[in-house]
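> I have a structure here, written as C-alpha cells, and I will follow up with some questions on it.
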Amino acid sequence: MNPIGGPEAIAGVGRAVGINHAPGAGSFGRVRSLREMEPQRGITLQPAEVAQPSFADTLSEVLGEVNDIQLRADNMIERFAAGQVKDLHEVIIAQQEAAIAFRLVQAVRDKLVQGYQEIMRMQV
C-alpha cells in the first residue's frame, strides 16, 4: 500500500486547492481562475472565537508551576533528612529541576525588563 495514499489522495488535495483533475489526463487540468475562487457575497470568513488566556494569566500559571516545583524539591530534602527517601539521586534531580525552572523564570524576567527599557528609550 502506498503510504501517501495514492492518486485518489493527490486528486483530493488538488480539489482542495482548486485544481480540477481531468479524467484520463496524465496531469492536473486547469487551475480555477481568481474570480471563481472569490468568496460568495454575503459569506464572511471570520476566525472562530477562541478564548486565549491573557499574558498575565499565562505568567501567573507559569510562576505557580515553578513554585510547585520548588516546593516539591524542598519537600524531598526534608524527607531525605528524615530518612523517608533513600535515593539521594532523586533529591538531587528534584533540586536541579527547581534550579533550572528558576533560572528560566529569571531569564524571562530579564528579557521583559530589557524589552521595557528598550521601549522607554524610543523617541516618539
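Each value in this text was obtained by applying a stated rule to the coordinates, not by laboratory testing. Keep in mind the model is a prediction, meaning the values are calculated, not measured. Note that each Cβ is placed from the backbone with ideal geometry, even for glycine, and that neighbours are counted across all protein chains shown.
> What shape does the range 67-124 take by its C-alpha gyration tensor, where a ≥ b ≥ c are the square roots of the eigenvalues and a/c under 1.5 counts as rounded, a/b above b/c as prolate, and the rest as oblate?
The shape class here is prolate.
> Cβ under 13 Å from LEU63's Cβ, LEU63 left aside: what net charge do those residues give with Lys, Arg +1 and Asp, Glu -1?
Taking every Cβ under 13 Å from that of LEU63, the sum is -3.
> Run the quick spin-label model on ALA51 and ILE100: label points 7 Å from Cα toward the beta carbon, then report their separation in nm to one decimal.
Roughly 3.4 nm, to one decimal.
> Further question: What number comes out for the charge environment of VAL105, summing +1 per Lys or Arg and -1 per Asp or Glu over other residues with Cβ under 15 Å away?
Net charge in that neighbourhood comes out at -2.
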